[in-house]
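The values are calculated or read from the model by the stated rules, or taken from the named source; none is laboratory data. Being a predicted model, the structure only gives us computed values, none of them experimental. Because the Cβ atoms are built from the backbone with ideal geometry, glycine has one as well, and the counts that use them run over all protein chains shown.
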Amino acid sequence: MTYKLYYSLLSASMGVRVILEEIGVSYELIQSTTDRTVPRSPEQMAINPNGWLPVLVWDDGAMYEAAAITMFLGDRHPEANLAPKVDDPARALYLQTLVYFSNSIQNAFQLSYYPDRFVDSAEDESSAQKRGARRLRETWKVIDDQIGDKEWILGDHFSVADIYLFMLTTWLRKERGHPATDEFPNVKRIADKVVRRPSVQLVYESWIADPER
Ligand SMILES: N[C@@H](CCC(=O)N[C@@H](CS)C(=O)NCC(=O)O)C(=O)O
């Protein structure tokens, strides 16, 4: 079976691709875009009418939402040992963290990158962006404190949640008023370990060469 992943550089589809690499499963990238002026294919829109990435397709199904795809792949490939099983004590923290990433940290990124979705008029957009930057600082601090001195976000074991954390740090931009990853030493410690993995070196090659792009 070969997964199909609708894909674009710098989007959340990169995190999903790292997970597919870590699992070691066969996949095909379908080049798409995050450019809102470029129409998406009817096939992509039929699965995700929002037009967003990532979108994952397999033999008898398809889905969108990065955190949901992350959980789906972690559960579907238990042999890769990248997610706590349902009866693992770390499972609750795992689900909590991925949902927090999706609905709090990503929401703050949305305020910064897509302010028009949150306010009625163009003149209010810079205020939404400023609040997004501040919200990023607040929400990353919660995650930094949650990690504390743990080796990985869930404790002793590397998981897809660490890949997700790394992916989110790649979206932080100084010129947008975002905090730097350095402000969150525990987050940075994990991101610095994740970036050394061969899967990440492959998928994030161009970002690693130029993180400010
Ligand atoms: N909640 C969605 C958000 C997806 C999202 O915003 N994707 C961005 C790229 S990371 C995108 O496709 N942006 C283009 C657009 O908004 O049209 C998820 O986590 O999958």
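Trp171 passes all but one of (1) within 14 Å of Ile105 (Cβ to Cβ); (2) in contact with a Leu (Cβ under 8 Å, 6 or more places away or on another chain); (3) assigned to a helix (DSSP H, G or I); which number fails?
The number of the failed condition is (3).
Considering Ile190, Ile208, which residue is outside the structural domain of Tyr113 (by TED's automatic domain parsing), part of a helix (DSSP H, G or I) and in contact (Cβ under 8 Å) with a residue 12 or more places away in the chain?
Ile208
If we scan the range 48-55, do we find a residue that is free of Cβ contacts under 8 Å to residues at least 24 places away in the same chain, assigned to a helix (DSSP H, G or I), within 15 Å of the ligand (Cβ to nearest atom) and under 19 Å from the mean Cα position of the chain (by Cα)?
Within the range 48-55 (the criterion being free of Cβ contacts under 8 Å to residues at least 24 places away in the same chain, assigned to a helix (DSSP H, G or I), within 15 Å of the ligand (Cβ to nearest atom) and under 19 Å from the mean Cα position of the chain (by Cα)), the answer is no, since none of the residues qualifies.
Take the conditions surrounded by fewer than 14 Cβ atoms within 10 Å (Cβ to Cβ), within 27 Å of Tyr6 (Cβ to Cβ) and away from the ligand (no atom under 15 Å from the Cβ) and apply them to Glu123. Does it pass?
So Glu123 does not fit the description; no.
Report whether or not Thr97 is of a type in the set (S, T, N, Q) and outside the structural domain of Gly155 (by TED's automatic domain parsing).
No.
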